[in-house]
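Right, one structure below, let's go through it.
The values are calculated or read from the model by the stated rules, or taken from the named source; none is laboratory data. Since this is a predicted model, take the numbers as computed values, not measurements. In this analysis, Cβ positions are derived from the backbone assuming ideal geometry, glycine residues included, and neighbour counts consider all displayed protein chains. Surface accessibility is based on the protein's heavy atoms, side chains included, excluding ligands, DNA and RNA. Shrake-Rupley method; radii C 1.70, N 1.55, O 1.52, S 1.80 Å.
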Amino acid sequence: MIVDLKPQVDLKSESGLGSEHFFICRCPRRACRGVVFVEFDLLNNHITAAYPYPSTSAKQVPKAIPPKVREDMAEAVRCFAVNAHKAVVVMCRRILQRIASDHGITGGDIKSQTNRMFEAGLITKNLKDAAHEIRHFGGFGAHPQDDDLDNVSQSDALSVWRQVNQFVNDLYVMPAENAELQRRRQAVQQKPKT
């Protein structure tokens, strides 16, 4: 029997460092709930690997997000699962460009598209600043550098991914959730009182 999130088997590493543990547990994602084998670094408190790799698909991303953006988000998750951190930040940069295009902002480079999204009032200054960092890191991942900027770490990829999620949440998910709440409130208010 496998219990949610709590490891059923804890096999300590024979490396002598004592910080690596291996667990068999159930995936906490509602869309998955499958049994996974996890390598966990206790010293740094994070999962270093999980098997099998997630088979994240666009169907698992909220429907409020346009299909092409959902596909790119799912691909970024799959890249993260195989420690392809450069690919994650490149996909995040691509997601930004898809968002701009989805809002009718095309032509020019991603820098000008980001600035035009801000000028149009689609994004806040914080999101504009985040978009420029996502753009830079996406460039580091996509283009070879001789200054070590192309060494994208797991931490870098996770930070960029979180920024992109904030973008998507603000532009698609929250407006859809707010519209649904408004619809439900109005439906209740329109019911005849008895």
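Brief remarks on what is shown
- Within the range 121-144, considering residues that are free of Cβ contacts under 8 Å to residues at least 24 places away in the same chain and open to solvent by less than 70 Å² (accessible area, probe 1.4 Å), the one nearest to residue 79 (Cα to Cα): 132
- Checking each residue of the range 118-130 against the condition of being of a type in the set (Lys, Arg), in a helix (DSSP H, G or I), under 24 Å from residue 105 (Cα atoms) and within 14 Å of the chain's Cα centre (by Cα) gives no match.
- A single entry from 78, 116, 98, 93 fulfils the requirement of being within 28 Å of residue 25 (Cβ to Cβ), surrounded by 15 or more Cβ atoms within 10 Å (Cβ to Cβ) and not hydrophobic (A, V, I, L, M, F, W, C): 78.
- Selection status of residue 157, loosely packed, with under 10 Cβ neighbours inside 10 Å and part of a helix (DSSP H, G or I): no
- Pairs are defined by a Cβ separation below 9 Å, a sequence spacing of at least 6 or placement on different chains, a first member in the range 72-83 that is charged (D, E, K, R), and a second member that is open to solvent by 50 Å² or more (accessible area, probe 1.4 Å); the pairs so defined are 72/94; 72/98; 75/94; 78/53; 78/55.
- Output for the range 32-73, where each listed residue is modelled with pLDDT of 90 or more and not in a loop (DSSP other than H, G, I, E, B): 67, 68, 69, 70, 71, 72, 73
- Filter pass, residue 155 being within 21 Å of residue 98 (Cα to Cα), modelled with pLDDT under 95 and either within 13 Å of the chain's Cα centre (by Cα) or not hydrophobic (A, V, I, L, M, F, W, C) (or both): no
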